[in-house]
Amino acid sequence: MPFAPLLRSFMLCCLVVLSALALAATQAQAQAQTPAAMPAQGERLAAGLERFKADSFADTEAAVAAIAAAGSAQGVAILSALADRRLFAGAAGVFYRDAAGQAFDALTGQPATIPADAAMVRLNNRLRNVVQAALGTMTLLSPDPAQRVRAAEAVFRSRDASALVTIEAALTSEQNPRVRRAFEEARAAILLASADAPEELLIAAARRIAEAGDNDAISLLRQFAGQTTGGLKAVIDQGIVSIEQAQRIRAWGQTLWFGISLGSVLLLAAIGLAITFGVMGVINMAHGEMVMIGAYVTFVVQELFRNHAPHLLDWSLPLAIPLAFITAGLVGIAIERGVIRFLYGRPLETLLATFGISLVLQQAIRTWFGPTNREVSAPSYMAGSFEFVGLQITYGRLWIVVFTLCVFAALLLVLKATPLGLQMRAVTQNRRMASAMGIRTRFVDAMTFGLGSGIAGVAGVALSQIDNVSPNLGQSYIIDSFMVVVFGGVGNLWGTLVAAFTLGIANKLLEPFAGAVLGKIIILVLLILFIQKRPRGLFALKGRAVEQ
Amino acid sequence: MGFTRRGVLSAALGGATALATGYRPAFAQGAPIKVGILHSLSGTMAISETTLKDVMLMLIEQQNAKGGLLGRKLEPVVVDPASNWPLFAEKARELISKEKVSSVFGCWTSVSRKSVLPVFKELNNILFYPVQYEGEESERNVFYTGAAPNQQAIPAVDYLMSKDGGEAKRWVLAGTDYVYPRTTNKILEAYLISKGVAPADIMINYTPFGHSDWQTIVSDIKKFGSAGKKTAVVSTINGDANVPFYKELGNQGIKATDIPVVAFSVGEEELAGIDTKPLLGHLAAWNYFQSVKDPANDAFIKAWKAYKKSDKAVTNDPMEAHVIGFNMWVKAVEKVGTVDIDKVIDALPGITAPNLTGGVSTMLANHHITKPVLIGEVRADGQFDVVWKTSGLVPGDAWTDHLPGSKDLEADWVTLKCGNYNTVLKKCG
Amino acid sequence: MLTARFFRMIEGRGLVFLGIMALVALLVPLCNLYVPPGNPFHVSNGTVVLLGKYLCYAMFAVALDLVWGYCGILSLGHGAFFALGGYAMGMYLMRQIGTRGVYAHPVLPDFMVFLNYKDLPLTWWGFQHFPYAMLMVVLVPGLLAFVFGWLAFRSRVTGVYLSIMTQALTYALWLSFFRNDMGFGGNNGLTDFKDILGFNVQAQGTRAGLFIITCMALALTFIIARMIVASTYGKVLVAIRDGESRTRFLGYRVEHHKLLVWVVSAMMAGVAGALYVPQVGIINPSEFHPANSIEAVVWVALGGRGTLVGAALGAVVVNWLKTVFTTGWLAPYWLFALGGLFVLVTLAMPKGLIGVWEDVRARLANRKAIADAKASGAGSSDVRSPGPQVPR
């Protein structure tokens, strides 16, 4: 049996040597042809470019094929420009901009100005794939390793057999392990797609792809599972099974992560309420609107940056955090001074008054900013995702989790380690005694409410990244926030933390089985039942202060 | 009691207005013709409906500048049903019986239309409904200027199955859990199966209104798409839920070139609230896009931007539907020379009005209109590039041919005088 | 003897209220049916429907005031009971449509036909019979209230916690009724009704009849509520409101007392919902929305909590304001008005409209007494205003 792998590697070696020889031959041929080929190349390029002017998808496709075949120097630049919507065609010719915005004539490659009548060459999704495939084949030998990986991935998708020779040649000298892996996978994909390859090679290719183990790999294997027989089919099926198994395990981790991420959103929304409701006992139905104000502050800050300092746009979010805190905090203080202070000791009346305030704030935002959603874009460091032990983790969500924990820690610090925090706790525990000790209780009330509202505003900054920035933003979080605080136990920040993550994870665990709506309903019913069992939540405050 | 007094007061006021207008040379004769506008200005639906109210005000202003209608001035009556469905019925009643309007332009959600339907039937008035909807309805008093499923959903799926659309073989039908997505998906499912798609290759998913946590569903879609067949998503996700959905799609790296999403409820207005960079290439199917180059459209956009005093103001499909509906109503009134409800209802079928994409739409006997179907691709500036278009106009079909319950039904208010004529039993209703 | 007791139980304010109700029940249908349009005394069909809707809300408000004003249970989910009653009535009305639906299916309502239902779901069985449907109108809300109340009161969930739990309850129901799989028509709810007991729901006579029934139901609700609060049992309820632990220590089974009034109130709300549906013509999940229930609490607070009459008054006033504020140039300001009203009522009028009225009356009486005293030359001006005993 040890003979088989030996044979396989021997075969592979042969193939590699053969293709290296072939490559060398074609290169030699190309060099030999160079002087004569130049005009032909230019003609082919010109003919290709001509077809861009037709503004029809079929012509554009032909143009792409012609340019890819022409192999001229600016081919890559032209096709990259086409993919990035930077290629323009008009009566006077075809032009492109490079990534920096500099305009060139596509035919000559010389700097030029784009005439006014030139229109952008349009693509559809199918053509985008065609362009990517062509670009992949053309850029396999790019000096930039990241570009080479992208090219290999494009070839993996297109399985363009003509790229095989280039890949084989490149593999002989490629040192970068990431690029090597990508090349090997691309080669395996091409081999698997070419039905006439010897079975040993196909099996090796299938194994190679099964090792990759990701979504694209299983997709590829499933595609060929039906068309094959015998040993190859067994290998492919086995590969599919093993990837599926790994995916099932990963799915649990993924669900857990989704739960943590949902939990952190819940925590972020509820944490301000844990102060106003939990610590002060004020039922603030306008809490959601504080979140909304924070989100709108983010929008305004971003808009200012976009109009005045677009290159600093990535900084708009960090800057929006303190501004949102201050704005929402001030609004909160105004509400406390204007309305709530007259209603201490009458929680139910407070509830009604703050609900009224929430309606007014919503409609005020609707009047000022209009009823439609406002755009808050994601800074570059929050866009996209990465893989971590096979889990797909989006940067946006990760930042929100980290940010939530920071806010939580900061809040604990304020409450436990600052004079203001001390005074807040004193006032909430025994107002009259605190007053007798010289604490300005009214000032502390206003500050506490301001702190809670400010934190809600900060939550708004984060939520603007995953939800609508609209006048309805606050409403969608208010009930969930109350559930979190009540579930965790009023007056206990750690309880809120535990409750938020418990609810988040439970929700995500239920979702695959029960669906999003039913899952939420089940959680609500369980919550109602839980509160019957423990009327004061998970972590109840003990002592006489509770009985009011 | 207060009402009678208010009634007297408003009558007196109305008289005063009539007297005042009597002095105006442009509108020499008669009291103004009242037009009701029934769109939510507060509450959750204000996000979509407020602009429709503004469009109507603009159209009425333009018509008055042209000398009004039948020599009389048009007077808009704006009410705010506040996204509250019973309030829609109450306000409809108020518009018709108290304000005595000659027609009403309004509603967005299906439920609001269902809520006002009995009122329009009872008090006999005209409603122009401008939004794409699930079909399965044809009423004498309602004119549907938005798309029926065969004017949006089915052409979109046809496109995705075509070579240019990527020859999709596997389908995710994702929608918000209410009647429009439910019905549309039912129709699409039947249609796809009739085209040879295996039931295992169709995944249907429903989420509540305002759903904001899309992590699980987007990752499910991704997994569903890894079966080695080209996969496409048909989204009937409504309103607020779209923004978090698209954000999650972008973040989880689902590119339009891998799994394209075609949406039926995402237009220019909705895109204004989204960072579109990660969405390039995703699709929407409508009967109108702001980016369509056409003289009528250019004029409309210019007028709209001037009316809103904002260069950023966008136009969208339901706005165009109101433009068509309003022009058809004006033509019908001019044709019969009166605003008498029955006469206008009878005159409307057959009336034509240019749409804003270069064609001429006709009001059909089933009270739906003919429309072109366009597929647009999301652009970086929040607009759409038209990538595909039906060759002619598609007539709206009230009862779909793809569901067992409704394929035998037919609506014809001209010859059959019936909204649900059963062609098998040969009787109405 | 009995009548005297009845009058004492109802109190002066209540008698005025019942008098007005009788007058309205008589005059509105008369002026609608028999006074020709154009006559200044004619009441239009629209006004009848509108007033009928207000009175249903008033009934709902009385039910809410019974638990909040007299027992201190602030329910932020009472709309759930109202909506459940409404759904029970709506299901009856749907079954009456029969073959007149657009698909002409003899049994299934239209929405079930196009969602491919084969058979009628179990929950819909029996609703073609009016008595069964009416039983469900009170039974379903009553049962839900019983289960919820039994759990909550026994484990002494009180005050704010209870309010938030009631909110969670109605929120959960809101989400469930939205689901099309529940078989209650999803977001569209139930609409396009034809007949009630063989009468066309859109006919003028049926409308007038429904209006009279609504007036009677409101009067009856009010009388029952008065009977409850004027009885010994009612006194215990007030004791619970003012000091729950104290009442418990006195030996009363607080949870039983609360449970009874809670269930009665839920049933009243259910009846109000059932009367609301045929007049408004639609029932759908938005009635479950938590904001609706909170709005209802404001009706009670505006009218005057713990007065019953005030609750009804508040419901009518707020809804009339809503009608006014959602037309014409006022249209975009409705939420400002409603929100402002919330704040105003809680800050400036803790006793509501009734409280303000009584204050004014007391002050006038006071001034008159002082004037009388001055006129008669006596020195004492110590006439204290009686003031309503409205709790905080």
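The values are calculated or read from the model by the stated rules, or taken from the named source; none is laboratory data. What you see is a predicted model; the values in this text were computed from it and never measured. For neighbour counting, all protein chains shown are included, and Cβ atoms are generated from backbone atoms with ideal geometry for every residue, glycine included. SASA here: full protein model, heavy atoms, side chains in, ligands and nucleic acids out. Shrake-Rupley method; radii C 1.70, N 1.55, O 1.52, S 1.80 Å.
Annotations for the structure displayed:
- Some residue of the range C:87-106 being of a type in the set (A, V, I, L, M, F, W, C) and without any contact (Cβ under 8 Å) to a residue 40 or more places away in the chain: yes
- Here residue B:145 passes the criteria (1) more than 11 Å from the chain's Cα centre (by Cα); (2) buried (at least 23 other Cβ atoms within 10 Å of the Cβ); (3) within 25 Å of residue B:56 (Cα to Cα); (4) polar (S, T, N, Q) except the one numbered (1).
- Between A:201, A:262, A:256, the distinction of being out of contact with any Lys or Arg (no Cβ under 7 Å at 6 or more places or on another chain) and at pLDDT 85 or above belongs to A:256 only.
- Scanning the range C:29-45 for residues that are surrounded by fewer than 21 Cβ atoms within 10 Å (Cβ to Cβ) and not polar (S, T, N, Q) returns C:30, C:31, C:33, C:34, C:35, C:36, C:37, C:38, C:40, C:41, C:42.
- When residues of the range A:44-85 are limited to those that are in a loop (DSSP other than H, G, I, E, B) and among the charged types (D, E, K, R), the one farthest from residue A:130 (Cα to Cα): A:53
- Selection of the range C:188-205 for residues being open to solvent by 20 Å² or more (accessible area, probe 1.4 Å) and either among the polar types (S, T, N, Q) or under 23 Å from the mean Cα position of the chain (by Cα) (or both) yields C:200, C:202, C:204.
- Of the residues A:188, A:170, A:119, the single one that is surrounded by 20 or more Cβ atoms within 10 Å (Cβ to Cβ) and either in contact with a Phe, Trp or Tyr (Cβ under 8 Å, 6 or more places away or on another chain) or of a type in the set (Val, Ile, Thr) (or both) is A:170.
- Selected residue (criterion: farthest from residue C:333 (Cα to Cα)) from residues of the range A:343-392 that are among the β-branched types (Val, Ile, Thr) and crowded, with 19+ Cβ neighbours inside 10 Å: A:376
- Of all residues making up the range A:335-374, the number that are farther than 28 Å from residue A:444 by Cβ, without any contact (Cβ under 8 Å) to a residue 60 or more places away in the chain and at the interface with another protein chain (Cβ under 8 Å from one of its Cβ atoms): 4
- Matching residues in the range A:425-446 - criterion: being in contact (Cβ under 8 Å) with a residue 60 or more places away in the chain and under 13 Å from residue A:333 (Cβ atoms): A:442, A:445, A:446
- The single condition from (1) in contact with a helix residue (DSSP H, G or I) (Cβ under 7 Å, 6 or more places away or on another chain); (2) modelled with pLDDT of 90 or more that residue A:343 fails is (2).
- Residue among A:505, A:455 that is under 25 Å from residue A:336 (Cβ atoms) and open to solvent by 10 Å² or more (accessible area, probe 1.4 Å): A:455
- Boolean, residue A:70 is within 29 Å of residue B:259 (Cα to Cα) and in contact (Cβ under 8 Å) with a residue 12 or more places away in the chain: no
- For beta carbons closer than 6 Å, sequence separation of 6+ or different chains, a first residue in the range A:393-410 that is farther than 10 Å from residue A:267 by Cβ and basic (Lys, Arg) and a second that is part of a helix (DSSP H, G or I) and modelled with pLDDT under 95, the qualifying pairs are A:397/A:261.
- Among the candidates A:239, A:231, A:294, A:226, the residue that is open to solvent by 10 Å² or more (accessible area, probe 1.4 Å) and away from chain B (no Cβ under 11 Å) is uniquely A:231.
- Any pair with Cβ under 6 angstrom, 6 or more apart, that starts in the range B:364-388 at a residue that is more than 13 Å from every other protein chain (Cβ to nearest Cβ) and open to solvent by 10 Å² or more (accessible area, probe 1.4 Å) and ends at one that is of a type in the set (S, T, N, Q) and part of a strand (DSSP E or B): B:370/B:361; B:370/B:362
- Taking strands (runs of 3 or more DSSP E) as the structural unit, those lying wholly within the range B:138-212 and holding at least 3 residues that are β-branched (Val, Ile, Thr) correspond to B:202-207.
- Meets criteria (at pLDDT below 90, within 28 Å of residue C:165 (Cα to Cα), open to solvent by 10 Å² or more (accessible area, probe 1.4 Å) and in contact with a Lys or Arg (Cβ under 6 Å, 6 or more places away or on another chain)) for residue A:517: yes
- Qualifying helices (runs of 4 or more DSSP H) (wholly inside the range A:190-284; at least 1 residues being aromatic (Phe, Trp, Tyr)): A:215-225, A:230-273
- For the range B:52-106, taking the residues that are of a type in the set (D, E, K, R) and part of a helix (DSSP H, G or I), the one that is surrounded by the most Cβ atoms within 10 Å (Cβ to Cβ) is identified as B:91.
A quick yes/no check of all residues on (1) within 11 Å of chain A (Cβ to nearest Cβ); (2) touching a residue at least 12 places away in the same chain (Cβ under 8 Å); (3) crowded, with 18+ Cβ neighbours inside 10 Å:
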position	(1), (2), (3)
B:223	yes, no, no
B:238	no, yes, yes
B:262	yes, yes, yes
B:274	yes, yes, yes
B:280	yes, yes, yes
B:299	no, no, no
B:305	no, no, no
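- Of the residues making up the range C:326-359, those that are among the small types (Gly, Ala, Ser) and either at the interface with chain A (Cβ under 10 Å from one of its Cβ atoms) or closer than 30 Å to residue B:39 by Cα (or both) are C:328, C:331, C:337, C:339, C:340, C:348.
- Per the listing A:402, A:461, the residue uniquely open to solvent by 20 Å² or more (accessible area, probe 1.4 Å) and part of a helix (DSSP H, G or I) is A:402.
- As for the range B:282-299, it holds no residue that is among the aliphatic types (A, V, I, L, M) and more than 24 Å from the chain's Cα centre (by Cα).
- Condition broken by residue C:94, with the remaining ones in (1) open to solvent by 30 Å² or more (accessible area, probe 1.4 Å); (2) closer than 29 Å to residue C:53 by Cβ satisfied: (1)
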